[in-house]
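Trainee: Dumping the structure here so I can ask a few things about it.
The values are calculated or read from the model by the stated rules, or taken from the named source; none is laboratory data. What you see is a predicted model; the values in this text were computed from it and never measured. Note: ideal-geometry Cβ built from the backbone for every residue, glycine included; neighbour counts use all protein chains shown. Only protein heavy atoms, including side chains, enter the accessible area calculation; ligands, DNA and RNA are left aside. Shrake-Rupley method; radii C 1.70, N 1.55, O 1.52, S 1.80 Å.
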Amino acid sequence: MLTHRLALGTALATAVLIVFGGLVTNTGAALAVPDWPDTFGHNLFLYPWSGMVGGIFYEHGHRLLGATVGLLTLALAAALWRRGATLRMLGLVAVLTVVAQGVLGGLRVVLQRDDIALIHGPLAQGFLALVVTLAYLTSPAARTPMRVRADGGLRRSTLVAVAVTYAQIVLGALVTHAGWLWLHVGGAVAVFAVVPVVTARARRTGDAVARPLARALLGLLGLQLALGIGAYLARFSPIWIPGEQATILALPVVHRLVGGLLLAAAVVLAVRLNAGSRVFERADRGSGGLGGHLGAPDLIQRASNSALPRPEQPATAERESRV
């Protein structure tokens with residue numbers, strides 16, 4: 001349970017970090033602090049709070065949150081080390097990803113290149129999906145057995161949904177940093193062509209985890225559409241927006257966060273419905289492992305068979321007749 005709470009805390013901190021990253025980008029504060037890893041010559045953790053004003057507040061706050069997420073990720077990886085081979089590997093991937101994120105953020109400052117943000121932003125969303133998946137895998141929900149195995153078509157469709165959603169996040173970064181709007185619009189069409197179909201099929205499985213998760217994914221998709229339209233109107237049209245500058249700032253930032261949550265929900269759904277695939281069957285099946293928690297279909301079938309009444313054996317019947 002402690003590992004699960006640690007994963008939840010890491011996911012929450014990552015979500016706040018993504019919000020601050022959006023604020024850095026949309027307020028133009030990316031180079032408010034000209035040096036890295038120091039802040040105006042100060043150690044990252046020793047920079048005076050009195051100096052955190054204007055763009056420095058967003059940029060330095062983003063760095064502090066990034067360091068916090070890094071420390072939480074290290075602690076999470078340590079907690080996952082004894083939880084089975086697959087969870088151990090995912091913990092190491094999380095550590096490598098968060099280190100890469102820190103380096104990319106620093107290079108953007110040192111090299112003063114905005115194009116690095118095209119990698120930095122989408123990688124942050126992928127990291128959020130990873131830690132949310134770890135929060136699921138360490139939760140009681142992951143131990144809930146699947147009564148019916150999803151068919152191959154649905155399992156492949158969930159992977160397509162993940163790929164399309166992540167591609168749309170990359171295209172969103174191109175809108176922010178290169179103005180490639182219509183590619184992002186085309187990506188939205190692809191997402192709406194794939195994700196609702198996947199959620200409808202996932203709900204029909206009746207699975208105790210996939211069903212509510214599919215509903216949440218569909219709700220996030222609707223919210224993302226509304227935020228996307230609002231962000232478009234705020235940035236590319238002369239229409240008056242209630243709240244003016246505050247709304248114009250908030251819309252793309254929340255849009256970015258919901259995009260990350262969409263990806264995370266799609267990844268967790270794919271993990272849940274692909275629970276019996278080969279990669280999970282190779283995982284440790286002990287109490288701390290991953291495979292048993294996911295309720296692989298062959299294990300479920302054996303458990304179901306063992307619960308059924310067995311026909312009386314001939315030898316047993318013969319002995320009872322003699323008595």
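Trainee: If we keep just the residues of the range 32-52 that are polar (S, T, N, Q) and open to solvent by 70 Å² or more (accessible area, probe 1.4 Å), which is nearest to residue 64 (Cα to Cα)? Before you say what the answer is, go through the steps one by one.
Mentor: Let us first name the residues in the range 32-52 that are polar (S, T, N, Q), namely 39, 43, 50.
With the extra rule that they be open to solvent by 70 Å² or more (accessible area, probe 1.4 Å), the set shrinks to 43, 50.
On the way: 43: 11, 50: 15 Å.
For the range 32-52, the residue satisfying everything is 43.
Trainee: While we're looking at this one, here's another question. Go through (1) under 21 Å from the mean Cα position of the chain (by Cα); (2) free of Cβ contacts under 8 Å to residues at least 24 places away in the same chain and name the single condition residue 182 misses.
Mentor: Result: residue 182 passes all but (1).
Trainee: Still on this structure: Spot the failing condition for residue 21; the list is (1) without any contact (Cβ under 8 Å) to a residue 24 or more places away in the chain; (2) within 21 Å of the chain's Cα centre (by Cα); (3) open to solvent by less than 30 Å² (accessible area, probe 1.4 Å), and only one is missed.
Mentor: Among (1) without any contact (Cβ under 8 Å) to a residue 24 or more places away in the chain; (2) within 21 Å of the chain's Cα centre (by Cα); (3) open to solvent by less than 30 Å² (accessible area, probe 1.4 Å), residue 21 violates only (1).
Trainee: Can you confirm whether the range 114-121 contains a residue that is open to solvent by 40 Å² or more (accessible area, probe 1.4 Å), among the acidic types (Asp, Glu) and under 30 Å from residue 87 (Cα atoms)?
Mentor: no
Trainee: Being surrounded by fewer than 23 Cβ atoms within 10 Å (Cβ to Cβ) and within 19 Å of residue 258 (Cα to Cα) narrows it down to one residue among 133, 205, 199; which is it?
Mentor: Working: 205 fails: within 19 Å of residue 258 (Cα to Cα); 199 fails: surrounded by fewer than 23 Cβ atoms within 10 Å (Cβ to Cβ).
Every option except 133 fails the conditions.
Trainee: Tell me, please, whether a residue that is open to solvent by less than 20 Å² (accessible area, probe 1.4 Å), under 30 Å from residue 143 (Cα atoms), in a helix (DSSP H, G or I) and of a type outside the set (S, T, N, Q) can be found in the range 58-73.
Mentor: The answer is yes; a qualifying residue exists.
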